[in-house]
Amino acid sequence: MADENTTGTRIGFTPEEADPTVSTRAARLKWVVVVDRDLPSGRAVNAAVCVAAATQSAVTGLLGEDATDAEGTVHPGLPWAGCSVLAADADTLRAIRAKAASYADTFVADMPVAAQETLVYADYQATVGKTATDDLVYCAVSIVGPRNRVSKIVGKLPLLQ
């Protein structure tokens, strides 16, 4: 069963929905990661990986089964429904996060800039704890929700280059 987001709404895929034989566009939910396009490449990748990790642990059914190669080596499952990594400027990223978070049936994981400016997790928590939501600046946002809605929220953002 799917996990709950911060509003208590369950978000994810049931085992019956995970069909690796169909196009990713057939999946009921869409997963996107939107990254601040102005971040240096290393920080952008770090932000994308961090919000993806938070998403994978909170939204069930994202990963497909392991794959085994011809020699028997097992390769861990990857997102069977896909995940697009998109780019936006900081203001657009903040607006996308706010819009996505306004829907109870949409999961949002974000990475405020404070996460990359601190070396101790408790310091990150303290910094975020002293900052109003509207004042947070984000490195990346991960969104999982109904396909049509997520597509409307992210519009025609380009892929991260």
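The values are calculated or read from the model by the stated rules, or taken from the named source; none is laboratory data. Since we're looking at a predicted model, the values are computed, not measured. Cβ atoms come from the backbone with ideal geometry, glycine included; neighbour counts cover every protein chain shown. Only protein heavy atoms, including side chains, enter the accessible area calculation; ligands, DNA and RNA are left aside. Shrake-Rupley method; radii C 1.70, N 1.55, O 1.52, S 1.80 Å.
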**OP:** Give the stretch 113-136 a look and list any residue that's in contact with a Phe, Trp or Tyr (Cβ under 6 Å, 6 or more places away or on another chain) and free of Cβ contacts under 8 Å to residues at least 60 places away in the same chain, or say none.
**Re:** Ala114, Thr118
**OP:** Scan the stretch 137-148 residue by residue and report those that are touching a residue at least 60 places away in the same chain (Cβ under 8 Å) and part of a helix (DSSP H, G or I).
**Re:** Arg147
Subject >> Subset tally (residues that are surrounded by fewer than 17 Cβ atoms within 10 Å (Cβ to Cβ) and either in contact (Cβ under 8 Å) with a residue 24 or more places away in the chain or of a type in the set (D, E, K, R) (or both)) for the stretch 25-39 >> reply: 3
**OP:** Restricting attention to the stretch 124-146, report how many residues are modelled with pLDDT under 95 and either surrounded by 15 or more Cβ atoms within 10 Å (Cβ to Cβ) or within 16 Å of the chain's Cα centre (by Cα) (or both).
**Re:** 0
Original post:
Under 8 Å by Cβ, and 6 or more places apart or on different chains, what pairs join a residue from the stretch 78-100 that is β-branched (Val, Ile, Thr) with one that is assigned to a helix (DSSP H, G or I) and open to solvent by less than 60 Å² (accessible area, probe 1.4 Å)?
Top reply: Val85/Ala48; Ile96/Ile153; Ile96/Val154
Subject >> Filter result (polar (S, T, N, Q) and exposed (fewer than 15 other Cβ atoms within 10 Å of the Cβ)) within the stretch 40-58 >> reply: Ser41, Ser57
**OP:** With respect to Tyr103, determine if the residue is in a loop (DSSP other than H, G, I, E, B), of a type in the set (Ser, Thr, Tyr) and either under 20 Å from Gln56 (Cβ atoms) or within 20 Å of the chain's Cα centre (by Cα) (or both).
**Re:** yes
Original post:
Among the residues of the stretch 59-113 satisfying the criterion of being of a type in the set (D, E, K, R) and out of contact with any Pro (no Cβ under 8 Å at 6 or more places or on another chain), which is most open to solvent (accessible area, probe 1.4 Å)?
Top reply: Glu71
